[in-house]
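Notes follow once the structure below has been shown.
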Amino acid sequence: MTEHSWKAFSVEISDHVAEVTLLGPGKGNAMGPDFWSECPQLFAQLDADPDVRAIVLAGSGKHFTFGLDLAAMGGEFAPLMADKALAAPRTTFHDTIKRMQLATNAVADCRKPVVAAVQGWCIGGGLDLISAADIRYASADAKFSVREVKVAIVADMGSLARLPAIIGDGHLRELALTGKDIDAARAEKIGLVNDVFDDAEALLAGARATAADIAANPPLVVQGVKTVLDHSRSAAVDDSLRYVAAWNAAFLASNDLTEAITAVFEKRPAKFTGS
């Protein structure tokens, strides 16, 4: 892997395992511009590195990620929210969604298996990210939320496309339609995570042990197993991502979206009107 100074990640490689850690720089490792631009580059490098056979994906500090950094990314919504936004701004926003989708796609498409280690909050874009991983572990204090509905957004980075195969349609609909929070025990019960560990230290140890087990196997066979497992669902995921990008470009702009973003910054409950 080539030397690179990442802003949103730190990377350490040892014994054929790469440990990728989210750094923010937003509070709670929120996903700002650096995350969305660097993630595809980083995972492409890991995919191409013959010394890397497995990857651990974790968050720095007390939380995995608070999800999309609305403060840093709010400008991406501005052209769409202009009065009478026509084809040009909607096309630009559609391009933005497709570009951002490359970040989670890079994790899913990486031929090296990814083990996600989640402590604390994993919100919105965090669910998109871990749904792209191969294996998910959590610490006992982990909490999960497909939060986009609470901010008047249809989740468009992959959770609606990938989670049906992980937790089933009914559980996903409950999470995506309510925006509710679930704890680690519930996440394990519905199959969102494979195992729950007592604390962050035990969590990382467990993730590293699984990654080491994977790395000890024949690397080309491991890549073959992942490729075969992904084959049957890749077309459906790609179709879903294309559809939601087009849907949000056409219909996301609303008074409810403006209200949701305003309410977040004013730290108050949003009042939605369906307009």
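Annotations for the structure displayed:
- Subset of Lys150/Lys226; Lys143/Lys226; Lys7/Lys189; Lys27/Lys271; Lys98/Lys180 violating a 32 Å alpha-carbon distance limit: Lys150/Lys226; Lys7/Lys189
- To the nearest ten degrees, helix 87-109 and the longest principal axis of the Cα atoms of the chain are 20 degrees apart.
- C-alpha center-to-center spacing [the stretch 191-206, the stretch 209-251] in angstrom: 22
- Three-way shape call for the stretch 1-147 based on the alpha-carbon gyration tensor, with the a/c threshold at 1.5: prolate
- Rounded, prolate or oblate (a/c below 1.5 giving rounded, otherwise prolate when a/b exceeds b/c) for the stretch 127-275 by Cα gyration tensor: oblate
- The chain - charge dipole about Cα centre, Lys and Arg +1 at Cβ, Asp and Glu -1, debye rounded to 20: 740
- Computed over the chain: relative contact order in percent, which uses C-alpha pairs under 8 Å that are six or more apart: 18
- Packing-based ranking, highest mean first, of 193-199, 42-48, 26-32 given that Cβ atoms within 10 Å are counted: 26-32, 42-48, 193-199
- Residue-span extension gain [Asp199 to Arg186] - 0.36 nm each, minus C-alpha spacing: 3.0 nm
- Relative contact order [Cα under 8 Å, 6+ residues apart], the stretch 1-145, whole percent: 25
- Folded to 0 to 90 degrees: helix 219-251 orientation relative to the chain principal axis, Cα: 0
- Database remark: amide H of Lys143 closer than 5 angstrom to the amide H of Gly120, Trp121, Cys122 (H placed geometrically; neighbours at sequence offset of 5 or more, or on other chains; Pro and chain starts carry no H).
Each reported figure results from applying straightforward, stated rules to the coordinates on display, with no laboratory input. All of these numbers come straight from a predicted model, not from anything done at the bench. Quick reminder, even Gly has a Cβ in these numbers, built from the backbone with ideal geometry, and neighbours come from all protein chains shown.
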